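Undergrad: This structure is in structure tokens; I'll ask about it shortly.
The values are calculated or read from the model by the stated rules, or taken from the named source; none is laboratory data. Worth saying up front: this structure is predicted, and the values here are computed from it rather than measured. Every residue, glycine among them, receives a Cβ derived from its backbone with ideal geometry; neighbour counts consider all protein chains shown. Accessible surface is based on the protein model in full, side chains and every heavy atom, while ligands, DNA and RNA are left aside. Shrake-Rupley method; radii C 1.70, N 1.55, O 1.52, S 1.80 Å.
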Amino acid sequence: MNIKSNLNRTFSPSNNIRNIVRELEPYKPILPFEILSQQLGRSISEIIKLDANENLYGPSPLVSDVLSKLDFPHIYPDPENQTLRQFLSQYTEVPYENLFAGAGADEIIDLVIRLFIDPGDSIVDCQPTFGMYSFDGAVNGAQVLIVERTLDFGLDTEKLIEVISKNNPKILFIASPNNPDGNMITKEQLRVLLNLPIVVILDEAYVEFAGLENSYIKWVPENSNLIVLRTFSKWAGLAGLRVGYGAFPTEIIEELWKIKQPYNVSVAATAAAVASLKDSKNLLDIVSLIVAERERMYTLFADMNFLRPYPSWGNFILCEVQSMSASDLLAKLRSEGILVRYFDTDRLSNHIRISVGMPRHTDLLTDILNDINGSI
Ligand SMILES: Cc1ncc(COP(=O)(O)O)c(C=O)c1O
């Protein structure tokens, strides 16, 4: 073929997109607040958003303070996130050198997969769990080995050992507390898993709601195959600003620095995260209110004939819906301006997950649930 005819060949840009990407499910956007408000015919302030485990108390008041007077928003942020990492080191009691910040834990999940995975390598996902592990795995060409959680959503350690020894996967993802049910890994389980030839990524996005004494972040420097991820989205109410972090063993973090985008955490997100750490005592008091509310919600749900709640260490409660369809319940709540998360997978069929909001949100929700309870 001469040069000219080769350049004239029929060319379809989309055919050049990676096969892995073309085989992914189409993108399903989540509706932004403004559109939801139009759809529901309610103002934003009348919508009770209990579907994404956000913190309805919002951020520390120090955050709006620092955001209103950012000194250098026109200058790129520090690629090493030094100030934030110093404050994080105090908060986590993990050495500064072992800490890494990202645009949410989500960014770090993707980075870690790109750090370890060549196309065709495998990762282990303990489902049901947070969807980003399998999503980022698939985007990066990983084979995702699913090890189902047990009936109470605990880890099936025996099965994990079997799958890891047979398939030689590179990474094991474990959320603790797990999203969507709120179950936690035990110390014994973590010890067993750390003895396996695999990198364990323990996602502690919700650990503040379980109590910081239940975190394993301080184990990181002594365990060359343990990575712990955290976020400001939940306990610190900064989901919209996108800031998270991870603790990494020295040999891994050295490699991670090489693949990081230089300016991944914005100046605004950094300032908000530092302000939150300065105000951590007050924020953790709010976390205690959310935990108390979670326990109140659990009791209220357990008293309903048609809900079976699972005990949770997070800021959400998973419920099996009985004697009615969960999608009807979702629609009913939605029509009243309350959003909850619905699952349509086999394992979670007829389940919903309700985030914990403020007491007044629980009261409004309970009024509607009581009506349904009376009519079933
Ligand atoms: C287990 C888990 N990890 C991580 C995240 C995302 O955290 P971030 O907002 O920091 O990206 C979520 C969000 O829902 C989550 O449930």
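Undergrad: Tell me, yes or no, whether the stretch 219-234 has at least one residue that is hydrophobic (A, V, I, L, M, F, W, C), within 13 Å of the ligand (Cβ to nearest atom) and closer than 13 Å to Leu277 by Cβ.
TA: Yes - at least one qualifying residue is present in the stretch 219-234.
Undergrad: List the number of the failed condition for Leu300; all other conditions in (1) in a helix (DSSP H, G or I); (2) farther than 19 Å from Thr362 by Cβ; (3) over 25 Å from the mean Cα position of the chain (by Cα) hold.
TA: Going through (1) in a helix (DSSP H, G or I); (2) farther than 19 Å from Thr362 by Cβ; (3) over 25 Å from the mean Cα position of the chain (by Cα) one by one, Leu300 breaks only (2).
Undergrad: Can you name the residue in the stretch 129-143 that is in contact (Cβ under 8 Å) with a residue 24 or more places away in the chain and either assigned by TED's automatic domain parsing to the domain that holds Gly314 or among the aromatic types (Phe, Trp, Tyr) (or both) and, of all such residues, is farthest from the ligand (Cβ to nearest atom)?
TA: Checked the stretch 129-143; the qualifying residue farthest from the ligand (Cβ to nearest atom) is Tyr133.
Undergrad: Within the bounds of the stretch 85-92, is there any residue that is open to solvent by 50 Å² or more (accessible area, probe 1.4 Å) and closer than 25 Å to Arg294 by Cα? So that I can check it myself, show each step before the final result.
TA: Step one: of the stretch 85-92, the residues open to solvent by 50 Å² or more (accessible area, probe 1.4 Å) are 86-87, 90.
From what is left, the residues that are closer than 25 Å to Arg294 by Cα are none.
No, that holds for no residue.
Undergrad: Could you count how many residues in the stretch 296-335 are farther than 24 Å from Gly374 by Cβ and open to solvent by 40 Å² or more (accessible area, probe 1.4 Å)?
TA: Looking only at that region, the number is 2.
Undergrad: What residue, among those in the stretch 235-264 that are open to solvent by less than 10 Å² (accessible area, probe 1.4 Å) and part of a loop (DSSP other than H, G, I, E, B), is farthest from the ligand (Cβ to nearest atom)? Talk me through it step by step, then tell me what you get.
TA: Within the stretch 235-264, the first condition is being open to solvent by less than 10 Å² (accessible area, probe 1.4 Å), and the residues that meet it are 235-236, 238, 243-249, 253, 256.
Still in the list and also part of a loop (DSSP other than H, G, I, E, B): 235-236, 238, 243, 248-249.
On the way: Trp235: 11, Ala236: 10, Leu238: 8, Val243: 7, Phe248: 16, Pro249: 20 Å.
Applying the filter and picking the extreme gives Pro249.
Undergrad: Considering each residue of the stretch 158-191, count those that are among the polar types (S, T, N, Q) and open to solvent by less than 10 Å² (accessible area, probe 1.4 Å), and give that number.
TA: Let us first name the residues in the stretch 158-191 that are among the polar types (S, T, N, Q), namely 165, 167-168, 176, 178-179, 183, 186, 189.
Checking the rest, the ones that are also open to solvent by less than 10 Å² (accessible area, probe 1.4 Å) come to 176, 178.
Going through the stretch 158-191 one residue at a time, the tally reaches 2.
Undergrad: A further question on this structure: Got at least one residue in the stretch 202-210 being surrounded by fewer than 22 Cβ atoms within 10 Å (Cβ to Cβ), small (Gly, Ala, Ser) and more than 16 Å from the ligand (Cβ to nearest atom)?
TA: Our first condition is that a residue be surrounded by fewer than 22 Cβ atoms within 10 Å (Cβ to Cβ); within the stretch 202-210, this holds for 210.
Among the residues that remain, those that are also small (Gly, Ala, Ser) are: 210.
Filter once more, keeping what is more than 16 Å from the ligand (Cβ to nearest atom): none.
Taking every residue of the stretch 202-210 in turn, none turns out to be surrounded by fewer than 22 Cβ atoms within 10 Å (Cβ to Cβ), small (Gly, Ala, Ser) and more than 16 Å from the ligand (Cβ to nearest atom).
Undergrad: Given (1) surrounded by 19 or more Cβ atoms within 10 Å (Cβ to Cβ); (2) more than 14 Å from the ligand (Cβ to nearest atom); (3) not in a loop (DSSP other than H, G, I, E, B), identify the lone condition not met by Leu155.
TA: With respect to (1) surrounded by 19 or more Cβ atoms within 10 Å (Cβ to Cβ); (2) more than 14 Å from the ligand (Cβ to nearest atom); (3) not in a loop (DSSP other than H, G, I, E, B), Leu155 is out only on (3).
Undergrad: Given the criteria touching a residue at least 24 places away in the same chain (Cβ under 8 Å), aromatic (Phe, Trp, Tyr) and open to solvent by 10 Å² or more (accessible area, probe 1.4 Å), does Tyr96 qualify? Walk me through how you get there before you give the answer.
TA: Values: touching a residue at least 24 places away in the same chain (Cβ under 8 Å): no; aromatic (Phe, Trp, Tyr): yes; open to solvent by 10 Å² or more (accessible area, probe 1.4 Å): yes.
Taking the combined requirement at face value, the residue does not satisfy it.
Undergrad: Next question, about the same structure. So, in the stretch 41-57, exactly how many residues are out of contact with any Leu (no Cβ under 9 Å at 6 or more places or on another chain) and either at pLDDT below 90 or surrounded by 10 or more Cβ atoms within 10 Å (Cβ to Cβ) (or both)?
TA: Selection size over the stretch 41-57: 2.
Undergrad: When you scan the stretch 1-53, how many residues do you find that are assigned to a helix (DSSP H, G or I), closer than 17 Å to Gly240 by Cβ and of a type in the set (Val, Ile, Thr)? Quick ask: steps written out before the conclusion?
TA: Quick first cut of the stretch 1-53, residues assigned to a helix (DSSP H, G or I) only: 3-7, 13-16, 19-22, 33-40, 44-46.
Still in the list and also closer than 17 Å to Gly240 by Cβ: 33-37, 44-45.
Retained after the next criterion (residues that are of a type in the set (Val, Ile, Thr)): 35, 44.
So the count comes out to 2.
Undergrad: Of the residues that make up the stretch 177-195, is at least one closer than 21 Å to Phe100 by Cβ and touching a residue at least 24 places away in the same chain (Cβ under 8 Å)? Explain how you work it out, then say what you get.
TA: Restricting attention to the stretch 177-195, the residues satisfying the condition of being closer than 21 Å to Phe100 by Cβ are 190, 194.
Subset that is touching a residue at least 24 places away in the same chain (Cβ under 8 Å): 190, 194.
Scanning the stretch 177-195 turns up at least one residue that is closer than 21 Å to Phe100 by Cβ and touching a residue at least 24 places away in the same chain (Cβ under 8 Å).
Undergrad: I've got another one for you. If only one of Ala273, Ala269 is touching a Phe, Trp or Tyr at 6+ places or on another chain (Cβ under 7 Å) and in the same structural domain as Gly244 (by TED's automatic domain parsing), which one is it? Give the derivation first.
TA: Working: Ala269 fails: touching a Phe, Trp or Tyr at 6+ places or on another chain (Cβ under 7 Å).
Unique residue meeting the criteria: Ala273.
Undergrad: Does any residue in the stretch 205-234 that is in a strand (DSSP E or B) come within less than 6 Å, Cβ to Cβ, of a residue that is within 15 Å of the ligand (Cβ to nearest atom) and of a type in the set (Val, Ile, Thr) six or more places away or on a different chain, and which pairs are these?
TA: Leu226/Val200; Ile227/Ile201; Val228/Ile217; Leu229/Ile108
Undergrad: Follow-up. Taking the stretch 269-281, which residues are part of a helix (DSSP H, G or I) and more than 21 Å from the chain's Cα centre (by Cα)?
TA: As a first pass, look at the stretch 269-281 and keep what is part of a helix (DSSP H, G or I): 269-278, 280-281.
Those that are part of a helix (DSSP H, G or I) and more than 21 Å from the chain's Cα centre (by Cα): Ala271, Ala275, Lys278, Lys281.
Undergrad: Now for a separate question. Only one of Ser60, Ser37 is without any contact (Cβ under 8 Å) to a residue 24 or more places away in the chain, more than 16 Å from the ligand (Cβ to nearest atom) and open to solvent by less than 50 Å² (accessible area, probe 1.4 Å); which? Step through it out loud before you land on a result.
TA: Details: Ser60 fails: without any contact (Cβ under 8 Å) to a residue 24 or more places away in the chain.
So the residue among Ser60, Ser37 that is without any contact (Cβ under 8 Å) to a residue 24 or more places away in the chain, more than 16 Å from the ligand (Cβ to nearest atom) and open to solvent by less than 50 Å² (accessible area, probe 1.4 Å) is Ser37.
Undergrad: To continue, here is another question. For Leu289, state whether it is outside any loop (DSSP other than H, G, I, E, B) and open to solvent by less than 40 Å² (accessible area, probe 1.4 Å). I'd like the intermediate steps shown before the answer.
TA: Numbers: outside any loop (DSSP other than H, G, I, E, B): yes; open to solvent by less than 40 Å² (accessible area, probe 1.4 Å): no.
Criteria not met by Leu289.
Undergrad: Of all residues in the stretch 104-128, how many are touching a residue at least 60 places away in the same chain (Cβ under 8 Å) and under 27 Å from Ser266 (Cα atoms)?
TA: Number satisfying all stated conditions: 11.
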